[in-house]
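For reference, the structure is listed below as structure tokens.
Values in this text are rule-based calculations from the coordinates and carry no lab data. None of these values were measured; they are calculated from a predicted model. No Cβ is skipped: glycine too gets one built from the backbone with ideal geometry, and neighbour counts run over all protein chains shown.
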Amino acid sequence: MAKEVEVRMKAWNETTVLEFVLEGFLVAQHLGKVLFLVHLLVYLASVTGNTLIIAITWSDPRLQTPMYFFLRSFSFCECCFISTVIPKLLAIFLFGDRTIHFTPCIIQAFSFLFLGSTIFFHMAVMSLDRYLAICKPLRYPAIMNPRVCFLLVFFSYVLSFILVTGVILRLSRLSFCGSNVIPHFFCDLGSLIHLSCSDTKSLESMAFGVAVVVLFTSVLAAIFAYSNILISIMRLPLAKDRQKAFSTCSSHLIVLSLMYGSCVFIYVKPKQVSRLESNREAALVNTVVTPLLNPVIYTLRNKQVHQALRDALSRVNLQK
């Protein structure tokens with residue numbers, strides 16, 4: 001009887017954490033309303049910008065090419081990605097509501113990792129698309145046909161789902177019986193692993209392996225694509241042609257640099273619990289800054305999008 005009670009008490013203690021507390025940014029708590037306004041404006045600008053890209057590339061017949069098909073899907077992922085984190089962060093700044101229940105926390109962790117992985121696979125596909133367009137221009141229309149474009153995007157989602165689901169299922173089975181304070185502004189995988197009172201070595205190895213697969217698959221694709229692009233551009237006889245060719249992929253390179261820099265710093269570490277404090281600041285880059293800069297970078301440096309926007313505004317003015 002005593003042994004049965006002991007087993008029950010042990011099981012109860014291992015499942016007492018039913019909700020977590022997001023620590024957020026403690027240093028700037030007194031600036032909550034100001035930070036709420038700043039992040040709200042950033043969030044609205046990011047969602048509006050990416051939605052505008054989706055609408056323009058969908059509606060303009062001149063932008064019905066593989067490059068803009070991938071950009072449209074990429075912008076959709078960015079809208080969803082930023083929406084997994086920022087609304088809760090806004091609630092923290094405005095209302096001080098730092099609690100999040102176990103199930104929503106696991107869902108947020110899954111959505112963040114799934115959409116983030118999908119974005120990186122999209123970046124790999126977009127790199128290969130630019131490589132084929134510049135280095136194999138005659139074969140490009142045959143290779144990047146609508147069916148291939150759809151399959152590439154589809155498998156980006158499927159592969160991300162498979163990789164991340166395994167990690168999240170293992171995470172959901174961990175026991176949390178100690179502190180429930182997450183030293184982050186969202187349900188970060190590394191922070192949750194750190195809070196668990198279970199043996200997390202296998203999960204840490206699994207998460208590290210997934211991070212390596214996702215990040216370095218995309219990095220290797222980008223290195224292969226842009227090294228060949230650079231060689232092809234340097235072989236062009238006219239400076240005007242070289243500038244035009246490079247301008248088509250320079251915006252993509254800027255986005256790649258921002259995303260890879262922050263994510264390699266955060267995730268590619270065998271020990272997920274290390275540098276949690278610095279991870280919080282680095283995470284702001286790919287959760288807040290990059291989704292805002294993407295539509296700006298892609299529209300400011302793209303003459304076709306400029307023209308499509310001007311035409312759309314002209315049609316709106318004529319209708320008025």
Derived scalar couplings ³J(HN,Hα) [region 173-181; Karplus, 6.51 cos²θ - 1.76 cosθ + 1.60; whole Hz; x for Gly, Pro]: 8, 6, 9, 10, 10, x, 5, 10, 8
Packing-based exposure ordering (other Cβ within 10 Å, fewest first) of Arg170, Arg235: Arg235, Arg170
Extended-chain gain in nm, criterion 0.36 nm per residue less alpha-carbon gap, Ser179 and Leu31: 50.7 nm
Nonlocal amide H pairs with Thr99, under 5 Å, H built at 1.01 Å: Leu22
